[in-house]
Structures are given as structure tokens and as C-alpha cells.
Amino acid sequence: MYLNEKAWKIQQENPYIIRDALKRFLDMYSVLAKDFQISRIYVPEGETIYLCSSYSIDKWLSEADPDDRRLFLSFWQKRICYNPDEECEVSLGGEILKGGTEAFLNNSFLLSVCLDQTWEKEYLEVEHFSLAELTSETVSLHNAFCHEQLHKGPITDILKKQKKISVYSYMELWERRQVLFPHLKFCPSVEKNLEKLDKSYLNQVSKKLFELEDVAVESKFNPLLLSKTTLESDVTLEKYKDQHTFTDEENQQYLASWHMRFTGIPGRIFFIPEYKENCILVCYIGKKLRTVSDPT
């Protein structure tokens, strides 16, 4: 769930409308936390929550019901800050939506506060622009602005999939890999990869592995069913062949090109599709590997 950072920048001077908007936003957050066990919302790095109004957040906090004040502080303190994707962007009316970019790439949705009617839309028609391929397309983006949406329609489906991810440590993920991901095989080196990852990205790693599991059962590999998944360039594979070569459990080596990207960190999951019948080989999970465009 990605915060719509643009929604907080709506000019609104009416304190009654502001209080109502914040109440509805917190109702959504409460449902996410209680019904779906999601209390950590993705927020772009460096974004601060403020109101374009003489009625400030601090003023609202001083007057708010204690439960609402607690919910708001919980939302902000538990947020996950991320750096927006650098290879593409989503825009609406010519303005980049940082949260919208990540929500689209990760098959998720925006979480919007409604200080007027601008964001009271279940779907946003936005422009998706690929900086790498210099292509653009109009796409539809899910947008949540009231708690009733969380228990119906496509947003509920997104949340139910999220709720299935009940892994609480990288050790548990590794030990349960055959049960959780029966159609995935892992290079032995992946265990060491996981030990080096920050715990805050566990949910993201699990989500992407579940995506790979779903795709692996298909008769033919379809990368369009995966979020943020591309091929590495030929020039990078040629120059950094050793870094992109991995050894499986049978001591066979593979040059991995297909990879999934994380949100907010320069991380990757490299894999070999159609490794065996209805099976994908996960080769690497960790920080971004060297490329010709980024050799550091």
C-alpha cells in the first residue's frame, strides 16, 4: 500500500473538511491494521505530511480524539520509506506520482486522503513512462479513499494476497522454502544472500517469491504476470558475466538475465525461468549487481 503523497498537498482551509478527511483516512488505516495485519505503509523518502492550510497537522493533533491521534502517530512512525523507481514513472496531469509509480509496478494501490473531491476515484487513468525504453502508455491505477473499498472488489483481492504472506524471518523463509514455494528451486548461495538483507524488506522478498511461484506452475513462462521484471542487457552480461553466473544444487552453472526489482532499494531477484518443467531457479536475492550503466 503506497501513500498518495500528492493528495496531502491539496489546498483546504475548512477545518471541518480537514477533520473529516483525516478521520476517513485513519478509518482506512485502522481496517488495514486490524483486518489485514498491515500497519506499515510505503511513503516516498523525504516526504513529510503537512496540510496546505492555516489549520496545521499539529493543530489537528492537539484537538484530535486520543484514538485518532494514536492511529495517526502509529501510521507515521511505522511507515516504510523508499526511494522511487528510477527506470520509470507514473504521472497524472503532468505531475509525477511517486506512490503511484510503485503501486503500479507492484500490483498494489494508492492510499489517498481526500481534502476535496480530487482523489475520490476508485481508478486513476495515469500515464506510465519507461525511462529505459522511452515508451509511454495510459494505465489504470487502483486508488483507495474510504474504508469500504478495502472489503470489496480488486483492492480486497490485493489485500488477501498480501495477507497470505505470513513469513516472519529470512531463516523461516529459507527453512520452509519447499513448502511455501514447491515450484521454485534455489541456488545454495541464496541462503547467504538472505542473511545480509535488511529485515524490513522481508515482506517484499516473500511477495515476489510468491509471484514467481504462481508463474512457475504455468505451462509457459510469462514475464507480464510479474511485477518490475526485466532482462539484463547483453553488454552487462558480457562485461560482468562472473557476477551473473550462479551454481545450482547439482553444481551446474547458469547465466541469469531475468530479474525482479525491489521497491525503494537497489535490490534484485535473479532467476532462470523454465529451469525444469514447471520450475524456476532462484539464483540471487540481494543488492543490485553491477551493470554497464551503474558499475559501482
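For this structure, a couple of remarks:
- For the stretch 208-296, applying the loop criterion from DSSP together with a ceiling of 15 other beta carbons within 10 Å to the GluC sites (Glu not before Pro) yields 218, 249, 250, 277.
- Compactness of the stretch 121-235, taken as the C-alpha radius of gyration over 2.2 N^0.38 Å, stands at 1.29.
- Under the criterion of Cα pairs below 8 Å and six or more residues apart, the relative contact order for the stretch 1-93 equals 39 percent.
- Potential extension, residue 136-residue 198 segment - 0.36 nm per residue separation minus Cα distance: 19.0 nm
- Using a Förster distance of 41 Å, the FRET efficiency for residue 69-residue 168 (Cβ separation, nearest 0.05): 0.90
- Sorted fewest first by neighbouring Cβ atoms within 10 angstrom, 236, 245, 138, 101 come out as 138, 245, 236, 101.
- Relative contact order for the stretch 161-276, counting Cα pairs under 8 Å that sit 6 or more residues apart, in percent: 23 percent
- Isotropic mean projected area of the C-alpha convex hull, the stretch 50-137 (nm²): 7.4 nm²
- Estimated inter-spin distance, residue 11 and residue 231, nm [label 7 Å along Cα→Cβ]: 5.0 nm
- As a proxy for reagent exposure, ranking 289, 212 by other Cβ atoms within 10 Å from fewest up yields 289, 212.
- Restricting the trypsin sites (Lys or Arg not before Pro) of the stretch 146-243 to loop positions (DSSP other than H, G, I, E, B) with no more than 14 neighbouring Cβ atoms within 10 Å leaves 152, 164, 176, 196, 220, 241.
- Counting neighbouring Cβ atoms within 10 Å and putting the fewest first, the residues 221, 186 line up as 221, 186.
- Estimated [θ] at 222 nm from DSSP helical runs (n ≥ 4, -39500 (n - 2.57)) normalised by residues in the chain, nearest 500: -9500 deg cm²/dmol
- The phi-based Karplus calculation (6.51 cos²θ - 1.76 cosθ + 1.60; θ = phi - 60°) puts the 3J(HN,Hα) values of the stretch 227-238 at 7, 6, 10, 9, 8, 6, 6, 4, 5, 5, 5, 6 Hz, whole numbers, x for Gly and Pro.
- Contour minus Cα-Cα distance for residue 253 and residue 117 (0.36 nm per residue): 43.4 nm
- When each of 152/207; 161/199; 192/220 is checked by Cα-Cα distance, pairs over 24 Å: 192/220
- A simple charge model with +1 on the Cβ of Lys and Arg, -1 on the Cβ of Asp and Glu and nothing else charged puts the dipole of the chain at about 820 debye relative to its Cα centre.
- Efficiency of FRET between residue 161 and residue 278 - r from beta-carbon atoms, R0 22 angstrom, step 0.05: 0.60
- If the segment from residue 81 to residue 39 were pulled out straight at 0.36 nm per residue, it would be longer than the present Cα-Cα gap by 13.8 nm.
- Cα lying deepest toward the dipole's positive end in the stretch 37-192, options 168, 41, 129, charges on Cβ: 168
- Each Cα pair under 8 Å and six or more residues apart adds its separation to the average, and for the chain the resulting relative contact order is 16 percent.
- Cα-based equivalent ellipsoid of the stretch 170-287: semi-axis lengths in Å, sorted from largest, via gyration tensor: 19, 17, 15
Each reported figure results from applying straightforward, stated rules to the coordinates on display, with no laboratory input. Everything numeric here is computed off the predicted structure, so don't read it as measured data. In this analysis, Cβ positions are derived from the backbone assuming ideal geometry, glycine residues included, and neighbour counts consider all displayed protein chains.
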